[in-house]
Amino acid sequence: MKLSYPLVVLAAHLAAVAIAQDTTTASSSSSIESSLDSSTDSSVDSTAEASTESINELSDVDSSSVDSASDVASDVASAIAVAEADAVSAVVRTTYNTAIANYNFDDSTFNYCNASFPTASTYSSVSGATLEFVQVIVRHGDRTPVVVAPGQNVSWNCDGYNENIYLKDPTSEALSSSALVSQKVEIPAWNGKYGFSNQLWQGTCNVGELTDTGKKQHQNLGSQLRSIYVNKLGFLPDWLDNPNKLYVRTTHYHRTKNSAEQLLGGLYPFRGVTDDMKIPMYTYPVEIETMDANSDACPAVDTVWYDIISSSPYQTFFTGQSALMSKLAGILNVSGSTWTMVWDGYADTLFTRMCQNKGLPCSSNGSVCATSADRDQVKRNANFDWAYKYRDHPLAKTYTRLHIGSFIGTLRDQLQNVVAGKTGAVKFALYSGHDTTIGPILGSLKASNRQMLWPPYASNLIFEVWKKTDGSRYVRVLYNGEVLKLQDGFKWCDLSACPINTFTTYLANFIPSDITTECNASY
């Protein structure tokens, strides 16, 4: 989540507000459609160019381990031809060709508070194939706000559910050495004399901390994955005799580590903690993190983001909602770039309260309160912002390459290692991250409108590698319990069974060839 923005973008925003006052709804729609026409053409052209580059890059892979590059080229060329043929469909039925208040997303079943999970009863195998490898990318569970609005008369509690599920051997009363202390968050009552606790909520939660609800979500997700990969398929052993069959990586935030721990507790409950049975959980130092935007290491990611939000279609959308933003800013008594340039702060405040049934906020004197209609419109605005910057803007591909392209490279390389037989004992890889981990990947894959909505808590994106009897391999992509569907006009592959080389070649479009050069380039 961005917390500061340059004055030049603020100036552009204010200028756009003035222009928008004299702009009709019809001209706004025309502006958006014009940009989307350009976006569609650019997307098709850039996909073709990047696919050719990607095929060349793959030419160094051992030919005995993968299908020939010419076959991949043929597959990708066919996919691009389909996309070109469907370009008119993409323009006509694209996500945002109407005013933002009436845009044609179907969000009637959207549940930001809790993602759907795959279940043993709804899950089916790929016909005539054997499962070889699984990658699971998740968003952390329900959490407290990460943007703190002043004067929020609510309480958050995060210590009612056991989070350290591996720290006690269930067969013994003895605690491991790592469980000699129990960490607690203390927020003293405000007494008006000293301290700063009047600037935060009451309770036992830190900012952005996983709530008890969030812990249970990932425990449940892990249990569902166990019912599939252990009980139904026998892909993973009933008892994890070798922890190296799993690879686990999280970002450096406690909520993503805690989510991974809870998920593993559902996948393999009641495990002991002898040194040889501990599951390693890897975290990159924040300075080199690739599972989320790293603007310190890659300054260009902010530059491209600024270009996207200062574009005409975005500003048309943004200024059209200025009255609602002003109302909510008054209720919350907030100001500054976090609250005037994007909807993130409002979405964070309203959605976290919604998911914990804490009611809608009111002004300090109680004279004005946010309504459920206000919250629903913020949801629509946030969903627009999400799909536009990660999928629909002409710079979305560049933004994704800078934002998370290196992590996409990690996923791609791991899939290629499956083909080459270089994954060792690992059969199941878990990556615990954020909405900003999953969202850019969905955008790069050209997810359908319904599946491109803001990733809910505990969202789960799964890449499965299946091998058929003839030796060919396919990738199936599941998102929140369903096969990932593609946006109209971008049928580059059937993600219920996509040839693995077609899939990895497509991913290469979003992987930087020289991250240092791209991160320091001018855009």
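The values are calculated or read from the model by the stated rules, or taken from the named source; none is laboratory data. Owing to the predicted nature of the structure, the values given are computational and were not obtained by experimental measurement. Glycine also receives a Cβ, built like all others from the backbone with ideal geometry; neighbour counts cover every protein chain displayed. Only protein heavy atoms, including side chains, enter the accessible area calculation; ligands, DNA and RNA are left aside. Shrake-Rupley method; radii C 1.70, N 1.55, O 1.52, S 1.80 Å.
Structure summary
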item	result
Members of the stretch 486-523 found to be charged (D, E, K, R) and under 22 Å from TYR399 (Cα atoms), listed by number	ASP488, LYS491, ASP514, GLU518
Residue selected from the stretch 393-427 under the condition in a loop (DSSP other than H, G, I, E, B) and of a type in the set (A, V, I, L, M), by the criterion modelled with the lowest pLDDT	ALA425
Residue within the stretch 146-161 that is at pLDDT 90 or above and open to solvent by less than 30 Å² (accessible area, probe 1.4 Å) present	yes
ASN357 being surrounded by fewer than 17 Cβ atoms within 10 Å (Cβ to Cβ) and among the polar types (S, T, N, Q)	yes
Residue in the stretch 339-353 that is open to solvent by 40 Å² or more (accessible area, probe 1.4 Å) and out of contact with any helix residue (DSSP H, G or I) (no Cβ under 8 Å at 6 or more places or on another chain) present	no
Filtered residues of the stretch 308-330 (kept if open to solvent by 10 Å² or more (accessible area, probe 1.4 Å) and of a type in the set (A, V, I, L, M))	ALA323, LEU324, MET325, ALA329
Out of LYS491, LYS446, sole residue that is out of contact with any strand residue (DSSP E or B) (no Cβ under 8 Å at 6 or more places or on another chain), more than 21 Å from VAL418 (Cα to Cα) and charged (D, E, K, R)	LYS491
Failed item in (1) within 30 Å of GLN262 (Cα to Cα); (2) over 19 Å from the mean Cα position of the chain (by Cα); (3) without any contact (Cβ under 8 Å) to a residue 12 or more places away in the chain, with ASP296 passing the rest	(1)
So CYS362, is it over 29 Å from SER310 (Cβ atoms), surrounded by 19 or more Cβ atoms within 10 Å (Cβ to Cβ) and in contact with a Cys (Cβ under 7 Å, 6 or more places away or on another chain)	no
Tabulated pairs, the stretch 200-220, first without any contact (Cβ under 8 Å) to a residue 60 or more places away in the chain and charged (D, E, K, R), second part of a loop (DSSP other than H, G, I, E, B) and surrounded by fewer than 19 Cβ atoms within 10 Å (Cβ to Cβ), C-beta under 6 angstrom, 6+ apart or interchain	ASP212/GLY160; ASP212/TYR161
Search result, residues across the stretch 256-284 that are loosely packed, with under 15 Cβ neighbours inside 10 Å and at pLDDT 95 or above	TYR282
Single match in ALA293, ALA297 (criterion: assigned to a loop (DSSP other than H, G, I, E, B) and surrounded by fewer than 20 Cβ atoms within 10 Å (Cβ to Cβ))	ALA297
Check on TYR123, open to solvent by less than 20 Å² (accessible area, probe 1.4 Å), modelled with pLDDT of 90 or more and not in a strand (DSSP E or B)	yes
Residue, nearest to THR437 (Cα to Cα), within the stretch 228-245, restricted to residues that are open to solvent by less than 10 Å² (accessible area, probe 1.4 Å) and outside any helix (DSSP H, G or I)	LEU236
Matching residues in the stretch 392-425 - criterion: being open to solvent by 30 Å² or more (accessible area, probe 1.4 Å) and among the acidic types (Asp, Glu)	ASP413
Residue, farthest from GLY439 (Cα to Cα), within the stretch 365-391, restricted to residues that are of a type in the set (Ser, Thr, Tyr) and surrounded by fewer than 18 Cβ atoms within 10 Å (Cβ to Cβ)	SER367
